[in-house]
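A.B. asks: Following this message is one structure expressed as structure tokens.
Quick note: the coordinates plus some simple rules give every number you see, no bench work behind them. Everything numeric here is computed off the predicted structure, so don't read it as measured data. We place every Cβ from the backbone using ideal geometry, glycine too, and count neighbours over all the protein chains shown.
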Amino acid sequence: MLTIAGAVLIGIALGLLGGGGSILAVPLLVYVADLPAKEAIATSLLVVGVTSAVAVLPHARANRVRWRTGLIFGAAGMTGAYAGGRLAEFIPAGVLLTGFALMMLATAVAMIRGRRDVEGRPAPRELPVARVVVDGVVVGLVTGLIGAGGGFLVVPALALLGGLPMPVAVGTSLVVIAMKSFAGLAGYLSSVSVDWGLAVAVTAAAVAGSLAGGRLAGLIPADVLRKVFGWFVVVMGVFVLAQQLPADLRSNPLLWALAAAATVVAVALVRYGRRRRHSEPRVPAGARR
């Protein structure tokens, strides 16, 4: 029941943010459902792929999907994701989980910092094909290798680098996530078996959560949701990273004191960076030379 409840949260995260499913799914399947790391990553790819495919439907009806960009990005991402899934066969599970935890922390920092809006730049209908292909392969490789980095790498790539409006970036990212997740799963199935009964139950719960998340999306301020989820990911990332340490280090209070101090420093740096960005004078586009 705890696993199913967590799966609902996975779906809500995808419905609200256009990403975040795998960041929750892998720890849930490893530490709650007690699956081996590689089986958990493979199962998470199935759950996130199906849930994203369902979650994209309301965005498509609202014309918030750039289909050409999404399909090209997704096709390139599938190539990288399949390669990552095959490469994972030769990498120890502990290394994969450590990489996953580091990806969680990097993602959390990006979420907490937020995005810097660029004024005066028109939103393109579609993005250049070469840029989409390169970004897609890189993001897909990360997704297939460690089962993470889908939406939280795709959305920034589309919004920050490509200049798509956030709602459109979220809708388009769900197309990409679904395609890359299925490709990554195909790569894993060559060496990993999946508990299909558990996978179907978790997927059904996540799909239900994604529909609920779509309804909640307009009720919660985006900045509040992004920051709260970012700090939650920080906690989960530290937990997963700590689990990879030797038992004697995990019980060492000095280590946890240093981790707390590092967290405080990171928070201070993030806040300082935000204050500097907000305090910088805005120069009208016509006045720039």
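A.B. asks: Go through 163-174, 189-200 and give me the packing order, highest mean Cβ count within 10 Å leading.
C.D. replies: Order by mean packing, descending: 163-174, 189-200.
A.B. asks: Using Cβ contacts closer than 10 Å as the measure, can you line up MET1, MET103 from fewest to most?
C.D. replies: Ranked by crowding around the Cβ, least crowded first: MET1, MET103.
A.B. asks: Further, regarding this structure: Mind ordering 175-183, 203-211, 59-67 by average Cβ neighbours within 10 Å, highest first?
C.D. replies: On the way: 175-183: 27.8, 203-211: 22.4, 59-67: 15.9.
Result, highest mean first: 175-183, 203-211, 59-67.
A.B. asks: From the phi of every residue in the range 176-189, what ³J(HN,Hα) in whole Hz does the Karplus formula 6.51 cos²θ - 1.76 cosθ + 1.60 yield, where θ is phi - 60° and glycine or proline is x?
C.D. replies: In residue order, the calculated couplings are 5, 4, 4, 5, 5, 5, 5, 5, x, 4, 4, x, 6, 5 Hz.
A.B. asks: Then there's this: Order these by the 10 Å Cβ neighbour count, fewest first: PHE100, PHE232, PHE73.
C.D. replies: Ordered from fewest to most neighbouring Cβ atoms within 10 Å, PHE100, PHE232, PHE73 come out as PHE232, PHE100, PHE73.
A.B. asks: Run the numbers for MET1 and ALA62: contour at 0.36 nm per residue of separation, minus the present Cα-Cα distance, in nm.
C.D. replies: 18.5 nm
A.B. asks: Explain nothing, just the number: relative contact order of the range 2-244, from Cα pairs under 8 Å at least 6 residues apart, as a whole percent. Walk me through the intermediate numbers first.
C.D. replies: On the way: 439 pairs, mean separation 98.8, N = 243.
RCO, the range 2-244: 41 percent.
A.B. asks: Another question about this same structure. For a protection proxy built on the mean count of beta-carbon atoms within 10 angstrom, sort 75-88, 37-50 highest first, please.
C.D. replies: Descending packing order for the listed peptides: 37-50, 75-88.
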